[in-house]
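The values are calculated or read from the model by the stated rules, or taken from the named source; none is laboratory data. Model, not experiment: these values are computed from the prediction. Here the Cβ positions follow ideal geometry from the backbone for every residue, glycine too, while neighbour counts run over all protein chains shown. To get the accessible areas, we keep the full protein, side chains included, count just its heavy atoms, and leave off ligands, DNA and RNA. Shrake-Rupley method; radii C 1.70, N 1.55, O 1.52, S 1.80 Å.
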Amino acid sequence: MLRGARGCQTWAMTTAKQRLEHARLYLVCDALPDAFLDSALRGGVDVLQLRAKAATDEQLLAAAGRFAAACARHGAVFILNDRPELVSAAGADGVHLGQDDMPVVGARELLGADPIVGLSTHTPAQVDRAGELDVDYIGVGPVHATPTKPGRPAVGTRLVGYAAARAPMPWFAIGGIDASSLGAVLAAGARRVALVRALTASAEPERAARELRAALNASEVGIGAT
């Protein structure tokens, strides 16, 4: 598994899209300090998304420089939330879009073929539609209600099971997932998860990431990655 090869020359030569294929643990967070980022990445975070909705362009790019450097130190994929026009300047590997953000077609025209484009999905129809779009991964949720998505109703694990059966690209279950709820999400068919508070609210983010990563790795044994 490539995850264990971080820091070696072989891993450094892989593309962001190749690393995405092997990614299991995805962290979404605001412009948090470098010490936190390094802790989470050491613990096993594969994909790091900078989500700073209220930041100006200058503030976002300043934070992005730190995020890009942290991801480079740990061999992780760096994704920028909802700002495809800043991906290149931010040194990001790609962008994550919501259903109400710039359409995937427009983002792809702006970015070209190489950068990663991710998309949030909240219904079976959106999961199916994503298969017709030029996206590299999707987020599936929110599984549980979460303050990061106020007003967005929880979809539960039923949509997770639907994505497990139907999604043709890598996908991450997201929304209120933590150590206590991870088992049910894995049982529904998820093999990749994205999270926020499970790490950002932890007093020991590296340890929390390691425990979540160990559970994700264990779920692959005898099953294979979806």
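Brief remarks follow.
- Ala125-Asn217 FRET efficiency (beta carbon distance; Förster radius 30 Å; 0.05 resolution): 0.40
- Helical runs assigned H by DSSP (4 residues or longer) give the chain a calculated mean residue ellipticity at 222 nm of -11500 deg cm²/dmol, each run adding -39500 (n - 2.57) before division by the residue total.
- Cα-projected label distance for Gln59 with Arg197, points at 7 Å along beta-carbon direction, nm: 2.2
- Alpha-carbon Debye profile of region 66-116, log10 I(q)/I(0) at 0.15, 0.21, 0.29, 0.30 Å⁻¹: -0.38, -0.69, -1.10, -1.15
- Shape class of region 49-136 from the Cα gyration tensor (axes a ≥ b ≥ c, square roots of the eigenvalues): prolate, since a/c reaches 1.5 or more and a/b is larger than b/c.
- Top positive-direction residue, dipole computed over the chain with Cβ charges, set Gln99, Ala154, Ala16: Ala154
- Heavy-atom accessible surface of the chain, averaged per residue, reaches 44 Å², computed with a 1.4 Å probe.
- Cα pair distances of the chain binned at 5 Å [whole percent]: 1, 7, 16, 20, 23, 18, 11, 4, 0, 0
- Prolate/oblate/rounded label for region 102-226 (Cα gyration tensor, a/c 1.5): prolate
- Separation of the Leu86 and Glu132 label points, Cα + 7 Å toward Cβ, nm: 3.2
- Extending 7 Å from Cα along the Cβ direction at Ala72 and again at Arg210 yields two label points whose distance is 2.8 nm.
- Measuring only protein heavy atoms, the 1.4 Å probe finds Glu132 accessible over about 130 Å².
- Accessible surface of the chain [probe 1.4 Å, protein heavy atoms]: carbon and sulfur percent: 54
- Placing +1 on each Lys and Arg Cβ and -1 on each Asp and Glu Cβ, with no other charges, gives region 86-223 a dipole about its Cα centre of roughly 480 debye.
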